[in-house]
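The values are calculated or read from the model by the stated rules, or taken from the named source; none is laboratory data. In this text, all values refer to a predicted model and were calculated from it rather than measured experimentally. Quick reminder, even Gly has a Cβ in these numbers, built from the backbone with ideal geometry, and neighbours come from all protein chains shown.
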Amino acid sequence: MIKILIDTMPIYDLLTEEEEEGPYFKLAEKIKNQKITGVISAVTLAELIIHLGKDIYKQKIKELVSSTLVIVDINQGIAIRAGELHMNQKLPLGDALIAATGITENIKHVLTEDGHFDASMNFIKPINLKTALKMGR
């Protein structure tokens, strides 16, 4: 089974997609059926609350926490690695924390549409949803 780090916005799309046959529904199915191990940083939880807004964030975060996604807490090693990524690759701190989570967990790919992750390509490779779905076959 392939492990993929998932950035905040794909998780947001997964939580808010209304079509049952949409692409993020397919990603959720692959994670649920253990074709993909989806990993997120605890930073994603904070970012999701901001993006979801106060009307729905509690229910959506509850769904996320009870899902089969692996949520990795920020520890000292991740924090140091994130600081290095921020300093050397000029990644914004939130993205640096997310990327450092994947790097520390030995994950090779991050599902993202965020161009900031291109700066971390030597450590963790950015992929799009189509590529992630292919990897989960």
Self-check item: Residues that are assigned to a helix (DSSP H, G or I), under 19 Å from A100 (Cα atoms) and polar (S, T, N, Q), drawn from region 117-137
Solution: S120
Quiz item: Of all residues in region 21-62, which are part of a loop (DSSP other than H, G, I, E, B) and polar (S, T, N, Q)?
Solution: N33, Q34
Quiz prompt | Considering residues of region 63-104 that are within 15 Å of the chain's Cα centre (by Cα), polar (S, T, N, Q) and in a helix (DSSP H, G or I) only, the residue surrounded by the fewest Cβ atoms within 10 Å (Cβ to Cβ) | solution = T104
Quiz prompt | Where a residue in region 8-23 is under 15 Å from V39 (Cα atoms) and its partner, wherever it lies, is assigned to a helix (DSSP H, G or I) and β-branched (V, I, T), with Cβ under 7 Å and at least six apart | solution = T8/T44; I11/T44
Quiz prompt | Of all residues in region 10-19 being over 22 Å from R137 (Cβ atoms) and touching a helix residue (DSSP H, G or I) at 6+ places or on another chain (Cβ under 8 Å), the one that is surrounded by the most Cβ atoms within 10 Å (Cβ to Cβ) | solution = L15
Self-check item: Among the residues listed as S41, S67, the single one being among the polar types (S, T, N, Q) and either closer than 16 Å to T131 by Cβ or at pLDDT 95 or above (or both)
Solution: S41
